[in-house]
């Protein structure tokens with residue numbers, strides 16, 4: 001009665017792919033429809049949970065990408081000024097909080113401080129900071145692409161599982177109607 005999967009039938013995240021049940025009667029066999037529906041419901045719940053996790057990850061990456069790009073743009077400006085040999089400082093406007101900005105006079109720096117998350121800040125030379133931020137932008141963009149692919153696969157699995165559950169339920173209703181008709185004919 002259970003649908004078996006092998007390694008090639010799994011998503012990139014290792015989640016078993018949903019298989020369309022062609023022959024409901026053969027799938028149920030001598031077992032109970034409720035058991036088959038219960039199994040599909042468990043898989044459906046797992047898919048929905050994974051879908052929610054992927055959507056949260058997508059939101060997190062989507063929010064992170066603009067911040068990293070802004071940081072990279074700021075470092076690019078500092079690198080250009082350094083490479084041109086400009087000695088005078090630069091006035092910059094930076095964000096303190098979501099709605100609060102401040103102006104600062106920045107001398108021509110040789111290094112910058114970058115937040116790495118979890119209240120960790122490290123000083124990097126400009127070239128290393130630029131490399132790190134470029135790598136972070138690429139990682140963010142590739143993470144968003146992988147997330148979109150995984151989300152599409154999960155949505156397909158959810159749809160297939162919903163269709164399978166509906167087909168099992170409808171098959172069971174039809175079977176019970178046929179049994180009811182046979183019992184009323186025999187009575």
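The values are calculated or read from the model by the stated rules, or taken from the named source; none is laboratory data. Just so it is clear, the structure is predicted and the values come from calculations on it, not from any experiment. Positions of Cβ are generated from backbone atoms using ideal geometry, with glycine treated the same way; all protein chains shown enter the neighbour counts.
For the residues 133, 114, 144, the requirement of being under 31 Å from the mean Cα position of the chain (by Cα) and more than 13 Å from residue 71 (Cβ to Cβ) singles out 144. Just to be sure before I move on: is residue 39 part of a helix (DSSP H, G or I), free of Cβ contacts under 8 Å to residues at least 12 places away in the same chain and surrounded by 10 or more Cβ atoms within 10 Å (Cβ to Cβ) in the structure I sent? Criteria not met by residue 39. Scan the range 172-181 and give yes if some residue there is within 36 Å of the chain's Cα centre (by Cα), closer than 26 Å to residue 26 by Cα and exposed (fewer than 13 other Cβ atoms within 10 Å of the Cβ), otherwise no. Looking for residues that are within 36 Å of the chain's Cα centre (by Cα), closer than 26 Å to residue 26 by Cα and exposed (fewer than 13 other Cβ atoms within 10 Å of the Cβ), one finds none in the range 172-181, hence no.
How many residues does the range 11-45 contain that are in contact with a strand residue (DSSP E or B) (Cβ under 9 Å, 6 or more places away or on another chain) and within 19 Å of residue 147 (Cβ to Cβ)?
Summing the residues that are in contact with a strand residue (DSSP E or B) (Cβ under 9 Å, 6 or more places away or on another chain) and within 19 Å of residue 147 (Cβ to Cβ) in the range 11-45 gives 1.
For the range 101-127, the set of residues classified as surrounded by 15 or more Cβ atoms within 10 Å (Cβ to Cβ) and at pLDDT 90 or above consists of 112, 114, 124, 126, listed by residue number.
Every condition in (1) touching a residue at least 60 places away in the same chain (Cβ under 8 Å); (2) exposed (fewer than 10 other Cβ atoms within 10 Å of the Cβ) holds for residue 98 except the one numbered (1). Figure legend. Inter-residue proximity from the range 110-130: first residues in contact (Cβ under 8 Å) with a residue 24 or more places away in the chain, second residues in a loop (DSSP other than H, G, I, E, B), beta-carbon distance below 9 Å, spacing 6+ or different chains. Indicated pairs: 126/109; 126/110.
Go through the residues of the range 58-76 one by one and say whether even a single one is touching a residue at least 60 places away in the same chain (Cβ under 8 Å) and within 30 Å of residue 166 (Cβ to Cβ). Yes - at least one qualifying residue is present in the range 58-76. Taking the range 74-87 on its own, how many of its residues are surrounded by 10 or more Cβ atoms within 10 Å (Cβ to Cβ) and out of contact with any helix residue (DSSP H, G or I) (no Cβ under 8 Å at 6 or more places or on another chain)? Residues that pass the stated criteria total 5.
Do you know which of the residues in the range 1-31 that are surrounded by 12 or more Cβ atoms within 10 Å (Cβ to Cβ) and modelled with pLDDT of 85 or more is nearest to residue 171 (Cα to Cα)? Walk me through how you get there before you give the answer.
Taking the range 1-31 first, the residues surrounded by 12 or more Cβ atoms within 10 Å (Cβ to Cβ) are 1, 3, 5, 9-11, 13, 15-19, 21, 24, 27-28, 31.
Remaining after also requiring modelled with pLDDT of 85 or more: 17-19, 21, 24, 27-28.
Working: 17: 23, 18: 19, 19: 17, 21: 12, 24: 7, 27: 11, 28: 10 Å.
Within the range 1-31, the match that is nearest to residue 171 (Cα to Cα) is 24.
For residue 151, the test of being surrounded by 15 or more Cβ atoms within 10 Å (Cβ to Cβ) and at pLDDT 95 or above is failed.
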